[in-house]
Amino acid sequence: MSPTPVLSSCVPFPIEERTLIDVTQKAKDWAIMHGAAMRSKANFSPDALNFAPFILTPSSFPRKEFEKAKELQTIINQLMHNVAHDEEFLTTTLAETIKVDEFTSNLFNVYKKVLANGFGQAYSLGLLRSDYLAHILEDNSIKQVEINTVASSFGGISTHMLPLQSFVMVELGHADKLKNMPENTALSGLCGGMIKAWEVYGARKSVILFIIEDVSYNICDQRFHEFYIREQRPEIKVIRRTLTEVHKEGKLGPNKELFLGEYEVAVIYFRAGYEPDHYPTQDEWDARYMMECSRAIKCPSIHYHLAGTKKVQQALAQPEMLERFISDPEKIKAIGQIFTGLYSLDDSEVGNASYEMALKEPEKFVLKPQREGGGNNVYGVDIPDALRKMSRVERAAWILMDLIQPPISQGYMIRPGGKSPPEIVDLVSELGIFGVILGDVDNVICNYQAGHMLRTKLSTANEGGVAAGLGALDSPYLLD
């Protein structure tokens with residue numbers, strides 16, 4: 001097997017040791033002082049922050065593919081909007097999965113109950129993130145890893161990675177290279193979507209509700225959204241509640257308004273609710289149902305949440321399926337080119353063939369469940385054992401995906417408690433493009449691309465979630 005290509009770096013490595021130690025310490029302080037930070041999971045305190053893991057200098061990424069990903073985002077936004085409003089497609093696509101995946105089944109039950117009783121709000125807000133890896137087997141063209149429709153994180157902190165790494169580049173004497181580091185409007189773009197939804201709701205004294213976990217480690221990323229909204233529109237208040245608190249405090253008004261105590265809620269932004277652990281009792285599911293029935297504009301609404309499942313992603317990658325949702329042949333072609341191989345594992349002729357294929361050459365695949373949040377996938381040689389432990393029915397809760405092989409870049413990964421000076425390591429980067437769409441089944445009020453993030457991990461690591469402690473924040477250095 002030929003070695004994996006290494007992209008050229010933005011600065012010559014290695015950096016001289018004294019310089020490296022000095023600039024690393026400055027960068028850590030910059031990160032903490034500007035909020036590129038998280039609460040520690042190991043030594044949690046609500047009064048303390050660690051800097052978020054980051055890459056010292058920006059990682060290289062093909063310029064042509066970066067621009068392609070940005071241009072595609074409004075098409076992807078519209079695709080997911082159309083998918084979310086197609087009841088027949090969601091019902092058919094998830095039919096086998098909900099038989100064996102309890103969490104997806106519970107989400108689907110909320111969806112069916114709301115359908116039966118009527119949506120209190122026709123509009124939905126999508127704050128989406130489409131994630132990509134460059135693929136060396138196709139000349140570094142981007143391939144979609146997944147589409148996130150719920151709690152699409154790191155728009156806040158990622159906006160700070162450009163100035164952080166720009167500071168480092170200037171310190172290292174490479175100010176002339178800043179022109180290859182693209183502007184990032186993720187924070188303003190995502191908050192702009194929430195502000196627009198608040199305006200559409202049309203009640204001046206209403207609030208925006210963030211649904212949060214009991215403990216928020218990724219606090220800066222969430223607070224930046226809240227603070228930006230307040231700064232731009234002082235009349236808009238943001239409140240934070242868990243699902244449990246919504247159940248205790250929430251009630252519906254005579255016109256399906258959602259009230260939490262004295263507050264009428266205009267927009268609900270879910271930063272929790274995407275994992276089974278977020279629903280410890282029936283109370284939390286009842287709270288989710290109450291919110292879905294309400295007049296508040298949800299981000300995401302329950303049908304948007306279901307549209308983001310891996311099973312739907314796999315179904316959309318089938319030939320001809322895009323024609324159901326997109327009429328423009330050029331757009332269909334463009335979207336089709338970013339899909340990699342995605343395979344059903346249902347107990348069917350097709351699913352059984354995928355199962356055998358995975359057992360035969362597991363190193364070519366990733367096994368994915370219907371989960372968000374990182375750390376849930378099964379890779380390579382671990383796949384056969386995982387599959388053999390499942391019944392034919394249980395396999396329907398999973399999909400199989402071709403393993404994307406990204407090029408390697410090199411750099412210094414800076415982590416709390418890490419080595420000093422840091423060592424040069426081989427890295428791979430995953431690009432996320434944010435998108436905003438607001439509308440109902442017939443009308444789209446706004447649809448735009450809203451900035452980006454870059455998550456970078458060790459080339460030897462399978463998972464790359466920053467919040468899960470597996471990757472580092474980064475920004476792209478564009479190569480022609």
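Structural remarks
- Of 26/70; 368/457; 26/237, pairs whose Cα-Cα distance is over 30 Å: 26/70; 26/237
- For the stretch 11-94, the list of trypsin sites (Lys or Arg not before Pro) that fall in a loop by DSSP and count at most 16 other C-beta atoms within 10 angstrom reads 41.
- Computed extension length for residue 235-residue 445: 73.4 nm, one decimal, from 0.36 nm per residue of separation with the Cα-Cα distance subtracted.
- A run of the chain free of exposed loop cleavage sites, with GluC sites (Glu not before Pro) counted only in DSSP states other than H, G, I, E and B and at most 12 other beta carbons within 10 Å, reaches its longest extent at 17-182.
- Simple Cβ-charge dipole of the chain, Lys/Arg +1 and Asp/Glu -1, about Cα centre, in debye nearest 20: 800
- Between the listed residues 265, 312, 406, the Cα displaced farthest toward the positive end of the dipole of the chain, a dipole computed from Cβ unit charges relative to the Cα centre, is found at 265.
- Dipole magnitude (debye, nearest 20) for the stretch 193-310, charges at Cβ of Lys, Arg, Asp, Glu: 460
- Among the helices of the chain, those built from whole DSSP H runs whose Cα atoms reach 24 Å or more along their own axis and whose mean Kyte-Doolittle hydropathy is at least 0.5 are 155-171.
- For the stretch 341-403: relative contact order, % (alpha-carbon pairs under 8 angstrom, 6 or more apart): 47
- Extension reserve of the residue 82-residue 203 stretch, reckoned as 0.36 nm per residue once the Cα distance is removed: 40.8 nm
- Which of 350, 383, 365, positive extreme of dipole for the stretch 341-403 (C-beta unit charges): 383
- Lys/Arg +1, Asp/Glu -1 at C-beta; the chain dipole; positive extreme among 340, 428, 81: 81
- For the stretch 132-206 versus the stretch 20-64, the spacing of their alpha-carbon centroids is 16 Å.
- Most simply put, the chain has about 75% antiparallel DSSP beta bridges, counting only bridges with both residues inside it.
- Residue-span extension gain [residue 323 to residue 462] - 0.36 nm each, minus C-alpha spacing: 46.7 nm
- Hz values of 3J(HN,Hα) by residue in the stretch 250-265 - Karplus curve (6.51, -1.76, 1.60), Gly and Pro given as x: x, 7, 9, x, x, 10, 6, 5, 9, 10, 10, x, 7, 9, 8, 9
- Assuming charge only on the beta carbon of Lys and Arg (+1) and of Asp and Glu (-1), the dipole of the stretch 114-218 about its Cα centre is about 440 debye to the nearest 20.
Each reported figure results from applying straightforward, stated rules to the coordinates on display, with no laboratory input. Note that this is a predicted model, so its numbers are computed, not measured. As a convention, Cβ positions derive from the backbone with ideal geometry for all residues, glycine included, and neighbour counts pool all protein chains shown.
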